[in-house]
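The values are calculated or read from the model by the stated rules, or taken from the named source; none is laboratory data. Computed from a prediction, not measured in an experiment: that's the story for all the values here. Using ideal geometry, Cβ is built from the backbone for each residue, glycine included, and neighbour counts are taken over all protein chains shown. Ligands, DNA and RNA are excluded from the accessible area calculation, which covers all protein heavy atoms including side chains. Shrake-Rupley method; radii C 1.70, N 1.55, O 1.52, S 1.80 Å.
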Amino acid sequence: YVPIFKSPDITKAWGSNTERLLRIEDHDFTMRPGFGGPAVPVGVDVQVESLDAISEVDMDFTMTLYLRHYWKDERLAFKSNHNQSMTFDSRLVKKIWVPDMFFVHSKRSFTHDTTTDNVMLRVYPDGKVLYSLRVTVTAMCSMDLSRFPLDTQTCSLEIESYAYTDDDLLLYWKEGNRSLNTDKGISLSQFLIQEFHTTTRLAFYSSTGWYNRLYINFTLRRHIFFFLLQTYFPATLMVMLSWVSFWIDRRAVPARVPLGITTVLTMSTIITGVNASMPRVSYIKAVDIYLWVSFVFVFLSVIEYAAVNYLSTLQERKERKLRERLPCTCGMAHPGMMSASYSEVDANTTGNYGIPEENGVKRERMLVQLAMESAQVTGHVGTSAYSNAWIDTHVIDKYSRVIFPGSYILFNIIYWSIYS
C-alpha cells in the first residue's frame, strides 16, 4: 500500500493569505468607503487604444480604451516594510468595493478576457487603490449630416456612476485634460481625428438625483477625396456628357435621345448608391443638393431636345403648307441666285447652297417665289420678285451651349464656397 498525498490548492492558499493580509473578512465591502461621511473621491484617467468604427447609418462609434479608477479605501490598508504595493487580478475585485461605472448611451460593451480577464487591481499600503480594465464600447453619437460629406462631427463617450449620486461619490478627471491619453497610431480611413478633450458635468434624474458625469469628447473631420472620386466627379462628368447633344444635329434622333436617357439613368444610379449607405434622415444633405441639381441639369438637356424637335416639326409643317400654295418654279432662275424647286423638295434637305454663315451660325435658306404682279389674275407669270426667308431652327441649341455650362459653373462656385 502506497499512500497518496494531495498537493495543496495554491489558489485557496493565495486567496486566504490575501484576505488575511487585507482583512477582507473584517469589513463589509458592500458599503462604499467612509459610508455616512463625505462623498468618496474617485479619480479617472483613460488611455484610448483605438477608434474601431464610425457608422453614419447606426449613428454610433466603437472605441477600445483602458479605464483606470483611483480612490482610497482605508479598509484595505496593510503593513509593509518596504512600502510596496500589491497587484491582483479580477478574483479580488469581486470581494471588495469598486466604483460602479457605466457608459451612458452605450449600445454594447464588454471587458476583454483574452487570455485572462483584462482587469488589474493595485493596492497601496495606505489604502489607495488603482483599478484598471480594458474595455470596448459601442456608444451612440448624434450626427448632423446636413453638410455631408463636407461635415465635421463631435462625438462623446460619457462615464457615470450607476448607483451613487454626487452625495456619495465624487467622480472627476484625475489630472484634468491630461487624464486623457491617446495612441499616436490611431487613424480612421474616412475621418481625420482633430481633437480629444475632456469635460465634467452634472446629470440630473428626476427619480434619483444628481450624478457626476465625465465626457471624452473627440472631433472628426471627414476626408472628402473619396467622395470626390466616387460621387462628385462622376456626377459632373454625366452633366458634361449631356451637353454633347447640343452639338449633335437635331435630325439625329437615334443619337441624341439615347444619350439623354443614358445620362439620366446614370445619375439616378449614383443618387441611389449614395443614399443606400446613409441613414434615412428627414433633412437635405449637402451631397443631395449637388446630385439633385446635377440631375435637373441632365433632365433639362433631354427636355431641351424635345423642345428643339417639336419646334422643328412645327416649322417643317409651315414650310410644307407654304410650298403647296406656291406655283411651280421649275426651270426659273434668278440673277445671282441658284434656282430651286420646292414642289418636291423637303425642307430638311434644303441646305445652305453656298450662302455664307452669319455670326458663325448656319442657317437654312428657303427660296420663295412670290407672284407680285397679276400672275394669279391674268394666269401668266410676269416679272417676279424673290424674297429670302431665313429660319434659324438651331436657336435653342445655340443658346443652350452657353446657358447650361455657365449655369452649372455658377452653381459649383456657390456650392463649394458655402460648404468648403
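Search the structure for amide H atoms under 5 Å from the amide H of LEU170, placed 1.01 Å from N in the peptide plane, and list their residues when 5 or more places away or on another chain.
The list, which skips near neighbours in sequence, is VAL40, VAL42.
Just to make sure I understand: if all protein chains stay in place, what is the order of LEU311, LEU157 by accessible area at 1.4 Å, largest first?
LEU311, LEU157
Count charges around THR200 for me, please; just the other residues with Cβ under 15 Å from its Cβ, Lys/Arg as +1, Asp/Glu as -1. It would help to have the intermediate numbers written out before the result.
Numbers: positive: LYS174, ARG178, ARG201, ARG213; negative: ASP45, GLU158, GLU160, ASP166, GLU175.
Once all neighbours under 15 Å are counted, the net charge is -1.
Calculate the all-directions average of the projected area of the stretch 18-222's alpha-carbon convex hull, and give it in nm².
Over all viewing directions, the stretch 18-222 projects a mean Cα-hull area of 13.6 nm².
So what J values fall out for the stretch 154-159 if you push phi through Karplus, 6.51 cos²θ - 1.76 cosθ + 1.60 with θ = phi - 60°, rounded to Hz, Gly and Pro as x?
10, 10, 9, 10, 10, 10
Measuring with a 1.4 Å probe in the full set of protein chains, what accessible area per residue, in whole Å², belongs to the stretch 18-222? Display every interim value, and only then the final one.
Numbers: 10500 Å² over 205 residues.
Per-residue value: 51 Å².
Carbon and sulfur atoms: what percent of the 1.4 Å accessible area of the stretch 57-148 do they account for?
47
What net charge do the residues around SER50 carry, taking every other residue with its C-beta under 13 Å from that of SER50, with Lys and Arg at +1 and Asp and Glu at -1? Provide the component values of the computation, followed by the final result.
On the way: positive: ARG134, LYS184; negative: GLU49, ASP52, ASP183.
That works out to -1.
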